[in-house]
1. Would you confirm whether any residue within the range 55-69 is modelled with pLDDT under 95, within 15 Å of residue 22 (Cα to Cα) and assigned to a loop (DSSP other than H, G, I, E, B)?
2. Please go through (1) within 22 Å of residue 40 (Cα to Cα); (2) part of a helix (DSSP H, G or I) for residue 76 and return the number of the only condition it doesn't satisfy.
3. Kindly check whether there is at least one residue in the range 9-25 that is modelled with pLDDT under 75, loosely packed, with under 11 Cβ neighbours inside 10 Å, part of a helix (DSSP H, G or I) and not acidic (Asp, Glu).
Amino acid sequence: MRHLLAAALLIPVLSSAADFRTFLDTHCLDCHDSDAKKGDLDLSGFTDEAAVMRDRAIWRSVYEKIESHQMPPPKQKSQPTDAQRQELMTWIMDIAARPDPVLDALDPG
């Protein structure tokens with residue numbers, strides 16, 4: 001168990017929304033901004049954690065594409081390192097694991 005914890009601490013994690021935004025700017029927005037919208041996907045509005053939390057379904061799909069190396073497409077010159085991919089996937093999973101503020105605000109009756 002101690003080894004698992006130590007290994008988890010060694011995995012770098014995006015430390016801020018700015019790091020997340022830098023990843024998007026560098027690897028995603030050439031094709032997935034409000035102008036290009038390849039695959040009918042515009043990621044330009046995702047500027048912070050709250051925006052990501054509001055549309056988790058998109059980020060599940062993004063996670064799968066990043067994990068499988070489908071995105072960024074192999075032909076794209078600027079490729080994230082495996083460590084950068086892992087950082088983004090860890091960040092997405094952290095956001096996805098948080099309680100949904102909309103559901104938490106609902107009155108159960």
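The values are calculated or read from the model by the stated rules, or taken from the named source; none is laboratory data. Please read these numbers as outputs of a predicted model, since none were measured by experiment. A quick note on method: Cβ atoms are made from the backbone with ideal geometry, for glycine too, and the neighbour counts reach across all protein chains shown.
1. no
2. (2)
3. yes
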